[in-house]
Amino acid sequence: MINNNLISSQIIPLKLGGAKNTALQYMQENQISHIPVVSQGKYIGLINANLLHENKPELEITERNIFSIAAAKPEDQFIRLWSMMLKNEISCLPIVNLDNSYIGCVTKPDLIRYFCQNFSTQEPGSVLVLSIRRLDYSLVLLSQIVEEHNGIILSSFITEPSDENEILVTLRINKEDPQAIINHFYRHEIEIKSVFSDGVYVDLFKDRYDEFMHFLNV
């Protein structure tokens, strides 16, 4: 079952007719780019910061800027939560009961912290999510690249997205600044889907948030 500590009490679901700038403020404060939308206590979908940006004429949350995504159940385990986030490329995963009543949500930053605390040592480091062709996958190669930069893979696991030719590899490494390792992965044509280390995830989202808030003149 989902650890109750994982369900965020900070994320307030939005309702139809809510203001866009309020949604963006919640996203910025909680380091996410998606927020659940509910109607009469029922989960109806997610709203995306990029969609808010694209729908410039509308300053309110409407059904046109909500997209449907499957929600998790209270009994789901960490691996399923993480896989759902990676497959759907979302940063906030709704949790619902069998009748689709909204319980809460789990955010990607919270899942990463949980992963670091429970699937590896307490050693400082980073989490990298790599996209690799299934036929090219080699944990030995990934380890060699990390070790060439005086790093160690503390833990790893594989997620299979809908593309049968691709796998997603999540690595927890003991380097707080993984840029040299990332550059080396690029030289081997390994795509970096996500990077999570102190400041990196926040800064990447903050750039998008600041851009949109400038558009709204807030």
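Every read-out reported here was derived from the displayed coordinates using simple, explicitly stated rules and does not represent laboratory data. Keep in mind the model is a prediction, meaning the values are calculated, not measured. Cβ sites come from the backbone with ideal geometry, for glycine too, and all protein chains shown count toward neighbours.
A few remarks follow.
- For region 126-196, the dipole from Cβ point charges (+1 on Lys and Arg, -1 on Asp and Glu) about the Cα centre works out to 140 debye, to the nearest 20.
- The convex hull built on the alpha-carbon positions of region 126-196 has an orientation-averaged projected area of 4.2 nm².
- Annotation: extensible slack from residue 131 through residue 21 equals 36.3 nm (criterion: 0.36 nm per residue apart, minus Cα-Cα distance).
- Among the GluC sites (Glu not before Pro) in region 165-197, those placed in a DSSP loop whose Cβ has at most 16 other Cβ atoms within 10 Å are 176, 189.
- Neighbour-count order for 188, 149, 34, fewest beta carbons within 10 angstrom listed first: 188, 149, 34
- Cleavage-rule hits, GluC sites (Glu not before Pro), region 79-158, DSSP coil, Cβ neighbours within 10 Å at most 14: 89
- Residue order for 134, 187, fewest other beta carbons within 10 angstrom first, comes to 187, 134.
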